[in-house]
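Since the structure comes first, as structure tokens, the remarks are kept for the end.
The values are calculated or read from the model by the stated rules, or taken from the named source; none is laboratory data. Remember, it's a predicted structure, so these values are computed and weren't measured experimentally. Ideal geometry is used to build each Cβ from the backbone, glycine not excepted, and the neighbour counts take in all protein chains shown.
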Amino acid sequence: MTNAFNTTNSQTVFTAAKELMPGGVSSPVRAFKSVNGDPIVFDRVKGPYAWDIDGNRFIDYVGSWGPAICGHSHPEVIASLQEALEKGTSFGAPCELENKLSEMVIEAVPSVEMVRFVNSGTEACMAVLRLMRAFTGRDKLIKFEGCYHGHADMFLVKAGSGVATLGLPDSPGVPRSTTSNTLTAPYNDLEAVKELFAENPDAISGVILEPIVGNAGFITPEPGFLEGLRELTKENGALLVFDEVMTGFRISYGGAQERFGVTPDLTTMGKVIGGGLPVGAYGGKKEIMSMVAPSGPVYQAGTLSGNPLAMTAGIKTLEILRQEGSYERLENMTKKLINGICDSAKQAGIPITGSSVSGMFGFYLCEGPVRNFEEAKKANTDYFGKLHRAMLEKGVYLAPSAFEAGFTSLAHSEDDIDITLQAFNECFNELSQ
Ligand code: KE4
């Protein structure tokens, strides 16, 4: 059996938390609802590691859900923040750091000629939908089953992430009138998108998608899917929007759009561009972005948007990432990890399908392929729940849901990967007995 580890302090704090905050957490997926046991309470993070308040150390493959791509608390990021702190935490006025991060994003991301910073991916997606509708004068949008674009009302239709994890139907409190303009199609199904355009002529403002779906586990676009969406949106006078909140600066320095060579009209970003501080962003062609207030009529605002601390952490993170060899390292290490995981499961007779792109990976405990959310739901979530707890007891912290992607960082060493693979091997063997 796996060696149980001491969780006394975590239990005490989490029990108290449940009296103070809904579910004891600030975001649902952290509550471990779909995996065995209670969450552990973090004390600190550094590099590829997290320590809980009972002193247990974990190799972390969540990385704060993506931002920690350079490793937690990177010394250069911390040093820059310490310097920036001396000048204040928020100005509520223009600051040159916003220019700097804007220039870096515009230079890196093929679709972005102009960018607006916000404070979360949800805000970025909300704003980009308003902009899509304003630019085209159309109200409907197409999203894909299992894709998650934050928790704004109009996206909570067959969403991924916590909605999928918790098996939530379309959330209560979301009026039908709000979601009646949200059309959905299965991921990787161009025919379904064609039909939606045919059934809704001149009414669809655009198509928004995760260019790699990290909120239903890990689903990659089939050859021709992204190119097909690019063509279909152009033919129908609609916009193509890549939600790169998770894939941005992770799949490559220019995001999935650079890696796959398909340029959308608008892009949303978050996570990595904040280096661990709250930042979201949306950007695209100047012709479209100049509609955003105050240069245009599309209103969107935010007290802490572009604050100097978040800009500083984002700038330093991208400076580290754009150094030679970063993405090769992420690609090779993550490929070794996912191949090792799949080999171990197969040797233990456990059905599995998994893959990775750069520093992002995922697997499903079922036979592959998994091309869309319906197929993802075949995964054995009960077994995953047991595996998650067993891995935790061996000092490896995986995303607490079968419907989330995993993330590596530049701080993970070959040793960390080998230790992780050893733990998976032991767990698959122990659990399959
Ligand atoms: P935030 O509002 O959580 O910053 O971003 C929403 C969002 C939008 N688009 C994509 C592609 C995303 O992955 C996210 C957020 N991702 C989840 C992880 N699956 C955040 C974790 C959480 O909800 O606690």
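I want to confirm something. Restricting to the stretch 56-84 and keeping residues that are in a helix (DSSP H, G or I) and surrounded by fewer than 19 Cβ atoms within 10 Å (Cβ to Cβ), which single residue is nearest to the ligand (Cβ to nearest atom)? Restricting to residues being in a helix (DSSP H, G or I) and surrounded by fewer than 19 Cβ atoms within 10 Å (Cβ to Cβ), the top hit is 64.
Quick grid of which residues meet (1) over 29 Å from residue 253 (Cβ atoms); (2) in contact with a helix residue (DSSP H, G or I) (Cβ under 8 Å, 6 or more places away or on another chain); (3) outside the structural domain of residue 275 (by TED's automatic domain parsing); (4) part of a strand (DSSP E or B):
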| position | (1), (2), (3), (4) |
| --- | --- |
| 19 | yes, no, yes, no |
| 35 | yes, yes, yes, no |
| 50 | no, no, yes, yes |
| 54 | yes, yes, yes, no |
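Given the structure, is residue 26 of a type in the set (Ser, Thr, Tyr) and crowded, with 17+ Cβ neighbours inside 10 Å? No.
Here is a yes/no grid of residues against (1) small (Gly, Ala, Ser); (2) more than 26 Å from the chain's Cα centre (by Cα); (3) farther than 17 Å from residue 317 by Cα:
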residue: 7; (1), (2), (3): no, yes, yes
residue: 22; (1), (2), (3): no, no, yes
residue: 29; (1), (2), (3): no, no, yes
residue: 33; (1), (2), (3): no, no, yes
residue: 39; (1), (2), (3): no, no, yes
residue: 55; (1), (2), (3): yes, yes, yes
residue: 69; (1), (2), (3): no, no, no
residue: 93; (1), (2), (3): yes, yes, yes
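Applying the set (1) modelled with pLDDT of 95 or more; (2) within 15 Å of residue 373 (Cβ to Cβ); (3) touching a helix residue (DSSP H, G or I) at 6+ places or on another chain (Cβ under 8 Å) to residue 224 leaves exactly one unmet item: (2). Among the residues of the stretch 405-433, those identified as within 16 Å of residue 73 (Cβ to Cβ) and among the aliphatic types (A, V, I, L, M) are 410, 411.
With respect to (1) farther than 28 Å from residue 252 by Cβ; (2) more than 16 Å from the ligand (Cβ to nearest atom); (3) in contact with a helix residue (DSSP H, G or I) (Cβ under 6 Å, 6 or more places away or on another chain), the lone exception for residue 137 is condition (3). Return yes or no: is residue 214 in the same structural domain as residue 291 (by TED's automatic domain parsing), closer than 30 Å to residue 31 by Cβ and at pLDDT 95 or above? Yes.
When only residues in the stretch 194-208 that are buried (at least 24 other Cβ atoms within 10 Å of the Cβ) and among the hydrophobic types (A, V, I, L, M, F, W, C) count, which is nearest to the ligand (Cβ to nearest atom)? Only one residue tops the list, namely 208. Cβ-Cβ contacts under 7 Å between residues 6 or more apart (or on different chains), taken from a first residue in the stretch 70-98 that is closer than 27 Å to residue 407 by Cβ to a second residue that is part of a strand (DSSP E or B), are listed as 71/47; 72/45; 72/46; 72/47; 73/45; 73/46; 98/117. Screening the stretch 347-396 for residues that are in a strand (DSSP E or B) and not aromatic (Phe, Trp, Tyr) and picking the one that is farthest from residue 432 (Cα to Cα) gives 357.
Within the stretch 182-206, track down each residue that is in a loop (DSSP other than H, G, I, E, B) and either in contact with a helix residue (DSSP H, G or I) (Cβ under 7 Å, 6 or more places away or on another chain) or of a type in the set (Asp, Glu) (or both). Across the stretch 182-206, the qualifying residues are 186, 187, 188, 189, 202. What about residue 31, is it hydrophobic (A, V, I, L, M, F, W, C), in contact with a Gly (Cβ under 8 Å, 6 or more places away or on another chain) and within 22 Å of residue 379 (Cβ to Cβ)? It is true that residue 31 is hydrophobic (A, V, I, L, M, F, W, C), in contact with a Gly (Cβ under 8 Å, 6 or more places away or on another chain) and within 22 Å of residue 379 (Cβ to Cβ). Which one of these is basic (Lys, Arg) and surrounded by fewer than 17 Cβ atoms within 10 Å (Cβ to Cβ): 143, 87? On inspection, the qualifying residue turns out to be 87. Residue count for the stretch 106-122, restricted to those that are surrounded by 24 or more Cβ atoms within 10 Å (Cβ to Cβ) and outside any strand (DSSP E or B): 3.
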